[in-house]
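The values are calculated or read from the model by the stated rules, or taken from the named source; none is laboratory data. A quick note: this is a predicted structure, and the numbers were derived from the prediction, not measured. With ideal geometry, Cβ positions are generated from the backbone for all residues, glycine too; neighbour counts draw on all protein chains shown.
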């Protein structure tokens with residue numbers, strides 16, 4: 001069963017009251033993402049502990065998130081962009097069963113505050129690693145559940161056979 005988290009933004013601002021649905025990546029996709037993150041860090045000269053594999057996903061995610069700031073942005077950007085495949089929006093609170101992929105363009109963009117983007121990224125890490133990132137204060141309602149099968153309303157990419165993951169275009173980038 002894939003874990004999901006429901007995040008409702010309580011902060012003041014344009015995203016107040018919006019509800020997002022986060023869905024765990026399949027294990028094969030998450031493992032590839034974490035491996036690519038660690039390899040990116042290693043190429044950037046970040047010293048990685050010899051026994052990092054013993055730390056589990058939580059240790060890799062914490063190390064990677066903190067250490068990613070030492071890597072080149074152009075190396076990190078694809079990893080950050082791929083996190084958005086886990087996030088959908090619930091556009092109408094009266095119909096919680098309906099979700100859709102995020103819209104990124106212009107006035108119809110679903111996320112309008114940078115703070116919301118940072119909070120959702122932190123929650124994607126939390127969903128996959130099982131711990132909250134230190135120093136990331138959340139002022140949002142969050143509930144986490146495990147759901148069997150694949151929801152028909154949440155687009156979960158299938159693992160690709162090449163090194164790239166499938167993803168929706170994030171802000172500022174077109175595919």
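Could you go through segment 109-119 and let me know if any residue there is surrounded by fewer than 12 Cβ atoms within 10 Å (Cβ to Cβ) and over 12 Å from the mean Cα position of the chain (by Cα). Give the steps one after another, and end with the answer.
In the first step, residues of segment 109-119 are kept if they are surrounded by fewer than 12 Cβ atoms within 10 Å (Cβ to Cβ); the result is 114.
With the extra rule that they be over 12 Å from the mean Cα position of the chain (by Cα), the set shrinks to 114.
Yes, there is a match, as at least one residue in segment 109-119 is surrounded by fewer than 12 Cβ atoms within 10 Å (Cβ to Cβ) and over 12 Å from the mean Cα position of the chain (by Cα).
State the number of residues belonging to segment 9-55 that are assigned to a loop (DSSP other than H, G, I, E, B) and within 15 Å of the chain's Cα centre (by Cα).
Result for segment 9-55: 3.
Quick one: which residue in 35, 99, 8, 4 is modelled with pLDDT of 80 or more, touching a strand residue (DSSP E or B) at 6+ places or on another chain (Cβ under 8 Å) and within 16 Å of residue 129 (Cα to Cα)?
Answer to the selection: 4.
List, please: which pairs have Cβ atoms under 8 Å, are six or more places apart or on different chains, and start with a residue in segment 20-43 that is without any contact (Cβ under 8 Å) to a residue 24 or more places away in the chain and end with one that is outside any helix (DSSP H, G or I)?
Correct list of pairs: 42/48.
If the requirement is being within 22 Å of residue 4 (Cα to Cα) and part of a loop (DSSP other than H, G, I, E, B), which of these qualifies: 111, 89?
On inspection, the qualifying residue turns out to be 111.
Checking the conditions here, which among 83, 60, 117 is at pLDDT 60 or above, part of a helix (DSSP H, G or I), out of contact with any strand residue (DSSP E or B) (no Cβ under 9 Å at 6 or more places or on another chain) and within 15 Å of residue 24 (Cβ to Cβ)?
The conditions single out 83.
Suppose the filter is loosely packed, with under 15 Cβ neighbours inside 10 Å and either in contact (Cβ under 8 Å) with a residue 24 or more places away in the chain or touching a helix residue (DSSP H, G or I) at 6+ places or on another chain (Cβ under 6 Å) (or both); does residue 97 pass it?
yes
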